[in-house]
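> Okay, here's the structure, questions in a sec.
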Amino acid sequence: MSHKPVSRTARLRKPATLLLAAGAALVVGRAVRRRTPGSPLRTRSVPRPPVSGLPRSPALTLLVTAHERLADGVVRLRLEGTGLPRWEPGAHLDLVLPSGLVRQYSLCGDPEDTSSYTVAARLVEGGRGGSREVHEQVQEGTELEVRGPRNRFPLVEAPAYAFVAGGIGITPVLPMLRALGEGTEWRLLYGGRTRASMPFLEEIEKLDPVGRKVTVVAEDEDGMPDLDGFLADLPEGAAVYCCGPQGLMAAVEERLPEGTALHLERFAPRTTADGEAEFEVELRRSGRTLTVPADSSVLTAVRAELPNTPYSCEQGWCGTCQQKVLEGEIDHRDELLTDSERGDSMLICVSRCRGARLVLDM
């Protein structure tokens, strides 16, 4: 490629041109600063990126290699990959279903198996569609995006353990029972509507061949479980683990013996007994103020104004809708955020305001 020589005149002209441009910029800058505050030319700082829809852990793409009926209304999935992260009892996965819905399922296989994960899902009649999609659309050969494992329900060291599981709530408890060492004092109350609807029942009963540690209560045969009797005489410092329907967990909370520690795994966001109240939410970046009715969520109100706001589970599990809070006291209803995250952010699908006003970085 040939180049034309640049004349001395042109070289001298270039610095003069730069000086003229710099002088013009200085004059314009002074003019802008003299403008009134309402002027569209008033300088503004560049906003920081919002905390919104950030993935909470690296995603994996795994292959469904088994999809089998485990009990009435329950299927078990095996998801295979290579070099999968190990996990500890109580951990769960976020499954991104083909529709885009995100659902959380407790791991119930072998924590040392780095080639596959195993989860089980109950069909929820009248639910929001996630469980039906797992039962009817996911099949062998389906590839699923998986996030995790994450553990908000870890097995802690304790002198004794009492486990209460309702239905599909047995899934995080089963790996805990397998992990308990010889000589550990433990007991399990496992309840369900019918024996046929209770997954892993045969394996559970084999864990206690003598019949002293495991109590199985099928409501159609035995009625309601005796929680008072089951929780009686626990030693000081015992750990009580409960996973199941909201009513079961509330009943265990009410009956918790003094000197014991309760650990819960919830299927739905925490609710309050005092009812809800209306409050305001300011979207600082957007310059809008919204009213969140008592019977609606922050997410619903925000999406009416900002329809592209990301969300997924609407249950406070997946973290997709996490937003930064600039002002106001948060009423956290999720089971996901860490203590440090709760200081300045919230999941707007379930959490609310303890006062009259929140300011979000949106």
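The values are calculated or read from the model by the stated rules, or taken from the named source; none is laboratory data. These numbers were taken from a predicted model, which means no experiment stands behind them. No Cβ is skipped: glycine too gets one built from the backbone with ideal geometry, and neighbour counts run over all protein chains shown. Only protein heavy atoms, including side chains, enter the accessible area calculation; ligands, DNA and RNA are left aside. Shrake-Rupley method; radii C 1.70, N 1.55, O 1.52, S 1.80 Å.
> Tell me the carbon and sulfur percent of the accessible area for region 229-362, rounded to whole percent, probe radius 1.4 Å.
Here carbon and sulfur together make up 44 percent of the probe-accessible area.
> Looking at region 181-221, which GluC sites (Glu not before Pro) are in a loop (DSSP not H, G, I, E or B) and have at most 10 other Cβ atoms within 10 Å?
Those satisfying the criteria are 182.
> Next question. Given the C-alpha centroids of region 295-322 and region 206-244, what is the distance between them in whole angstrom?
Result: 38 Å between the Cα centres.
> Hey, any idea what Rg/Rh is for region 209-331, computing Rh the Kirkwood way over Cα pairs?
1.13
> Check each of the GluC sites (Glu not before Pro) in region 104-137 and keep only those in coil by DSSP with at most 13 other C-beta atoms within 10 angstrom; list them in order.
Within region 104-137, the qualifying GluC sites (Glu not before Pro) (loop, at most 13 other Cβ atoms within 10 Å) are 112, 125.
> Further question: Write down the accessible area per residue of region 190-292 in Å², having rolled a 1.4 Å probe over the full set of protein chains.
55
> Would you kindly state how much longer the chain becomes between residue 280 and residue 145 on full extension, computed as 0.36 nm times their sequence separation minus their alpha carbon distance, in nm to one decimal?
45.0 nm
> Also: Remind me, relative contact order of region 151-235 in percent, using alpha carbon pairs under 8 angstrom and six or more residues apart?
This gives 30 percent for region 151-235.
> What do the square roots of 5 times the Cα gyration tensor eigenvalues come to for region 73-152, in whole Å, largest first, as semi-axes of the equivalent ellipsoid?
21, 13, 11
> Which ³J(HN,Hα) values in Hz, rounded to whole numbers, follow from the phi angles of region 339-346 under the Karplus curve 6.51 cos²θ - 1.76 cosθ + 1.60, where θ = phi - 60° and Gly and Pro get x?
4, 5, 5, 5, x, 9, 8, 8
> So which trypsin sites (Lys or Arg not before Pro) in region 54-113 pass both tests, a DSSP loop state and at most 13 other Cβ atoms within 10 Å of the Cβ?
Hits after loop and neighbour filter: 86.
> I've got another one for you. Expressed as a whole percentage, what fraction of the accessible surface of region 127-182 belongs to carbon and sulfur atoms when a 1.4 Å probe is rolled over the protein heavy atoms?
Solvent-exposed carbon and sulfur of region 127-182 make up 39 percent of the total.
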